[in-house]
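Enquirer: My questions will all concern the structure given below.
The values are calculated or read from the model by the stated rules, or taken from the named source; none is laboratory data. Keep in mind that this is a model prediction, so the values were computed, not measured. All Cβ positions, glycine included, derive from the backbone under ideal geometry; neighbour counts span all protein chains shown. The accessibility values were calculated without ligands, DNA or RNA, using every heavy atom of the protein model including side chains. Shrake-Rupley method; radii C 1.70, N 1.55, O 1.52, S 1.80 Å.
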Amino acid sequence: WSSDVCSSDLLAILLTLSSVVASAAGALPYGPSLSFVAYRNGEPIGRHTVTFERDGGQLKVSTSIDLAVKFMGFTAYRYSHRAQEVWSGDSLVSLTSTTNDNGTKHNVMATRQADDISVTHDGNRTVLPGKTLPSSHWNIEQVRQSMLLNTQKGTEAKVNISQGPRENVKTLSGFVPATRYSYTGDVAMDQWFDDRGRWVKTSFQASDGSTIEYVLQE
């Protein structure tokens, strides 16, 4: 226990609060793009990229994921995902996505209708509360939710998200202090956000038991 520790803790709290206020005001802690290299058990398997574009009073967020696991020179597993979100302030206006999960394809279209979000997914329709946020990783506001919209399948994902310790997260340019959030339920993963509210790391276990980690390239 020391004054230095107290000061650093206070600074972290103030930075976190400022990031929340900035988010509520519609500001983003990101530049035009955010890019991660995905690793499977320490071996690179692809990239996850997010781009941000202002269009008048709206924000367009585009996600591109391409992963491939090779075994003895052959591609044993391939995954691709494309999504675009349109936001007006803190409200999701629409979301469209297409996914090819090793041959299994999904199509999702979500649109805001009054106080609800209407979601068409693989020929089915679901209506979710208007405050539902997508499961796309970039938005720190999702850590305060108990339900997310699965952007791959278009289904409701019930989650319990708990705040963990602050850690130094490795990125391409060095280490970044960040807070870990653990997701359980329909979405199971760990995510890290820095003091500005930026998504800086994700880790989860794949269906085959392997560990997938996203390392930020900046």
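Enquirer: Filter the range 156-210 down to residues that are assigned to a strand (DSSP E or B) and touching a Leu at 6+ places or on another chain (Cβ under 8 Å), then give me how many there are.
Expert: Result for the range 156-210: 9.
Enquirer: Are any residues in the range 132-155 more than 24 Å from residue 107 (Cα to Cα) and either assigned to a strand (DSSP E or B) or among the hydrophobic types (A, V, I, L, M, F, W, C) (or both), and if so, which ones?
Expert: 140, 143
Enquirer: Right, something else. With the structure loaded, tell me whether residue 83 is modelled with pLDDT of 95 or more, touching a strand residue (DSSP E or B) at 6+ places or on another chain (Cβ under 9 Å) and either part of a helix (DSSP H, G or I) or open to solvent by less than 70 Å² (accessible area, probe 1.4 Å) (or both) or whether it fails that test.
Expert: yes
Enquirer: Do we find a residue being out of contact with any helix residue (DSSP H, G or I) (no Cβ under 6 Å at 6 or more places or on another chain), under 26 Å from residue 43 (Cβ atoms) and surrounded by fewer than 19 Cβ atoms within 10 Å (Cβ to Cβ) anywhere in the range 131-144?
Expert: no
Enquirer: Look through 118, 97, 62, 91 and report the one residue that is without any contact (Cβ under 8 Å) to a residue 12 or more places away in the chain, over 20 Å from residue 208 (Cα atoms) and either open to solvent by 30 Å² or more (accessible area, probe 1.4 Å) or not hydrophobic (A, V, I, L, M, F, W, C) (or both).
Expert: On inspection, the qualifying residue turns out to be 118.
Enquirer: Also, I was wondering about something else. Taking residue 108 and the conditions (1) part of a strand (DSSP E or B); (2) touching a residue at least 60 places away in the same chain (Cβ under 8 Å); (3) not basic (Lys, Arg), which numbered condition does it fall short on, given that it satisfies the others?
Expert: (2)
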